[in-house]
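Structure first, commentary second.
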Amino acid sequence: MHALLRAFRERPSHTALRASGTSWSYSQLETEARRHAAGLMGLGLEPGARVAVLATPAAEVLVALLGQYLAGLVHVPINTRYRGREIVHILRDSGAAYIVVDDACADALEEACVIAPELRALPRILIGDAASRAGDRRLAEVQGDPGDALADLRDEDLSLMIYTSGTTGASKGVAHTHASVTRAVAALIELWRWRADDALVLALPLFHVHGLAIGVHGALLRGMTIELQPGFDAAAVVDAIARGGTIFMGVPTMYRRLLEHIGRVPGDAVVLGRARLFTSGSAALPAVDFERFAARTGHRILERYGMSETLFTLSNPYAPEERVPGSVGFAVPGFEVRVVDEDERDDATGGARAGEPRGELWVRGVGLMREYWGDPDATARAFADGGWFRTGDIVTRDQDGRFRIVGRSSVDIIKSGGFKISARELEEVLLDHEDIAEVAVVGVPDLEWGQRIVAAVVPRAAVDPDALARALIERARQQLAAYKQPRAVAVVDALPRNALGKLQKHVLIDALAAGELTPRAPGR
Ligand code: MLC
Ligand code: AMP
């Protein structure tokens, strides 16, 4: 936070943020944040308390974030696509003392309160015009004197908790400190040569590390301008670049959409060409999209790798000619990396070429989370001796030292559209259906989404497979975020198992990818 405050004071009149047609200078943003922090402290919130935020990207969300930091509170953003049960889990698990909610998310919060009525007592800070209840406060009114002394801030205090799916059903709170975020982001600013006259077109969600830790913190620490978008829309990104945006960070699905857009509006490829830097992360960027984007716009997308727990970990170099499609580059300064085999020995062999290591990526360094919130066992399992974090990602390292992500140690973690999904979570929801005896949820390779979710189910008795598929998709739609829904359901007699009876999801994935098993994808 100290680094952020310093950055705010370097060029106070420079534009920090543009959102919905309004601009805020650095000094205005700091004043708003200080007012809000003083207001939060006036509510009696103690340093270290968690404040949940369930709101679509808007200037108020950044004021809430910065105000919480200044008051020594921990920011807990909630995925705005979440439904009731997913929200209940985060509010309970984090022990949130308050929730900030906007109009667009009010219904989802109400769903959560129906499931867990005790959450009705959780005090709310409202963004927008949402109907207020006794005791609720409007964000604009949670204000104090910006000159008041604020919390005593220390870099090693928790600042941010991001919930992310794991191999078990429930998501875990990844707890970061001011120091882990600031240091990782400082490395990025240096490596990617971000400049104070850059403007970041930010269309990523603000509840994951890609948009929040890297995007928001990176831009503000460097004194840049954030062009905040309420969500991703290809035409709006083009417009923001036409107005002077110089950097765009996206997930691969967004590049697909940008490519489709310039296929329809070829002139917009020229506009995109005027930006300075395009980066991609959170999922593998298909080499074909890298090449098509370069051919159309002249930009070689800079691909990076990271995760909620490790932030900014591997990156291609800044020099465009050194950005290699299909590779995530090298360790970011401040990170040490290892490639270990199943026996936890270094530099396991097995890469594409002789002598190339292939194994799990372990990392240690500046951006690592402190812990999984309230789960010391999971934290202990995630770290090996010496503070090495087990990423669960399988990588190869070529002779130049470049890394490629080639898989994951668990098939139960799926990435679709850049969102992480726990197969187990979805399986639990589907298994609740009375007609289902067994279920296996898998991610099938897909050029648009990275992985597409398919559920294979064994019914208890003879059923109409289309009706069953429809019912299961509807069940997921009712209970989980839309991106977690199965896109198709394969109704099968048995799931593939080995001689010991162990489920073989890889066999299922291969059969689905090869078209040997045709799932049902009934329209809704
Ligand atoms: C949505 N749809 C999907 C889908 N998601 N279909 C298949 N697979 C999916 N995963 C469908 C919807 O059902 C809907 O269909 C249609 O697509 C539009 O839905 P939407 O919800 O409006 O989608 P959209 O907003 O267009 O979302 C696409 C997106 C979004 C790319 C903008 O996925 C996104 O914001 N992704 C970014 C996630 C992110 O920030 N990840 C970073 C994690 S941090 P219909 O039929 O109803 O029209 C991280 C670490 C790090 O990974 O270091 O980077
Ligand atoms: P999350 O938990 O949402 O932070 O997701 C982190 C995961 O996204 C990593 O563990 C990887 O599996 C995946 N990931 C991130 N960046 C890349 C990339 N550039 N290529 C392939 N996978 C990636």
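Brief remarks on what is shown
- Our coupling estimate for the stretch 77-83, obtained by passing each phi through the Karplus curve with A = 6.51, B = -1.76, C = 1.60 and θ = phi - 60°, is x, 10, 4, 6, 8, 5, 9 Hz, Gly and Pro reported as x.
- From helices alone, the chain scores -9000 deg cm²/dmol at 222 nm; the rule is -39500 (n - 2.57) for each run of n ≥ 4 DSSP H residues, then divide by the residue total.
- Whole-number D in µm²/s for the chain (Stokes-Einstein; Kirkwood sum over Cα pairs; 4 °C, 1.567 mPa s): 54
- The stretch 437-524 shape via C-alpha gyration tensor axes, a/c threshold 1.5: oblate
- Likely footprinting exposure, D464, D341, D385, fewest C-beta neighbours within 10 Å first: D385, D464, D341
- Amide H contacts of A16: W24, S25, Y26, each under 5 Å away and 5 or more positions distant or on a separate chain (H built 1.01 Å from N in the peptide plane; Pro and chain starts excluded).
- For the chain, with +1 on Lys and Arg beta carbons and -1 on Asp and Glu, the positive-most of A52, G365, A235 along the dipole: A235
- Arranged from fewest to most other beta-carbon atoms within 10 Å of their beta carbon, H210, H178 become H178, H210.
- HN-Hα J in Hz across the stretch 249-263 - Karplus 6.51, -1.76, 1.60, θ = phi - 60°, x for Gly and Pro: 10, x, 8, x, 4, 5, 5, 4, 5, 5, 5, 4, 4, 6, x
- The chain - share of DSSP beta bridges that are antiparallel (%, nearest 5): 60
- Under 5 Å, built H, 5+ apart or other chain: amide partners of L73: G48
- Amide H partners (placed H, <5 Å) of G450, local residues excluded: G417
- Under the Karplus curve 6.51 cos²θ - 1.76 cosθ + 1.60, θ = phi - 60°, whole-Hz ³J(HN,Hα) for the stretch 157-168, x wherever Gly or Pro sits: 6, 5, 10, 8, 10, 10, 7, 9, 6, x, 6, 8
- The stretch 56-167 shape via C-alpha gyration tensor axes, a/c threshold 1.5: oblate
- With neighbour counts taken as other beta-carbon atoms within 10 Å, the residues E86, E321 rank, fewest first, as E321, E86.
Where a number appears in this text, it was derived from the coordinates with a stated rule and is not lab data. All values derive from a computational prediction rather than experimental measurement. Positions of Cβ are backbone-derived with ideal geometry, glycine not excepted, and every protein chain shown enters the neighbour counts.
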